[in-house]
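Undergrad: Dropping the structure in here first, questions after.
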Amino acid sequence: MEMTPDLPVTFYHSPSHADGGGVLLAYIVRTNYAGPGLEFHSDAAEALQVATIDHPAGHAVPGHWHPPVPRQIARTQEVLVVTGGMAELDLYDPHDDQVCHTVLIGGGMVVVLFGTGHGLRVCGKARFTAVEVKVGPYVGKDRDKVLIEKPSVQ
């Protein structure tokens with residue numbers, strides 16, 4: 001298991017394969033981090049845009065809204081805002097559905113998952129609590145989730 005580095009943002013990629021470099025699987029933002037102003041950590045092409053904000057006292061963001069823009073979303077991206085407890089988060093290689101990273105996550109972290117396979121095990125005696133945010137619309141359990149079957153232990 002990897003301990004999440006004490007960095008503002010940590011990126012996790014799959015291993016490199018013959019068909020190209022590693023794929024971005026996830027990144028973790030610590031909620032106590034705030035870069036100057038508005039700092040996006042996601043690529044502009046991603047369906048889910050995640051930023052940290054640090055504005056000084058007295059700063060104002062002008063009132064605004066976002067007009068409808070047709071978008072095509074090919075995969076479900078999700079965010080976990082971890083509010084308490086600890087868990088081991090498995091990140092799966094999209095090429096072979098094998099775990100390539102197991103990361104310890106806990107309160108004060110925001111985990112951004114880029115459509116990769118993932119699993120979670122609660123650690124310790126405390127409850128694990130989080131707010132989960134996904135892109136929609138939801139099209140039902142049969143079409144929105146594929147379970148990764150684990151081989152039985154002999």
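Undergrad: For Lys134, list the aspartates and glutamates whose Cα falls under 12 Å from its own Cα; do not include residues on the same chain fewer than 8 positions away.
TA: Glu78, Asp144
Undergrad: Something else: How large is the translational diffusion coefficient of the chain in µm² per second when you combine the Kirkwood radius over alpha carbon pairs with Stokes-Einstein at 10 °C and 1.306 mPa s?
TA: Calculated translational D: 91 µm²/s.
Undergrad: Using the Kirkwood formula over every pair of different C-alpha atoms, what hydrodynamic radius in Å results for segment 58-132?
TA: 14.8 Å
Undergrad: Ok, one more. About its Cα centre, what dipole magnitude does the chain give when the only charges are +1 on Lys and Arg Cβ and -1 on Asp and Glu Cβ, stated in debye to the nearest 20? Display every interim value, and only then the final one.
TA: Working: 11 positive and 17 negative charges, 108 e Å.
That gives a dipole near 520 debye.
Undergrad: Which of the chymotrypsin sites (Phe, Trp or Tyr not before Pro) found in segment 45-115 are in a DSSP loop and have at most 16 neighbouring Cβ atoms, other than their own, within 10 Å?
TA: Here the sparse-neighbourhood loop sites are Trp65.
Each reported figure results from applying straightforward, stated rules to the coordinates on display, with no laboratory input. Computed from a predicted model, the values in this text were never measured in an experiment. Cβ coordinates were reconstructed from backbone atoms using ideal geometry, including for glycine residues, and neighbour counts include every protein chain displayed.
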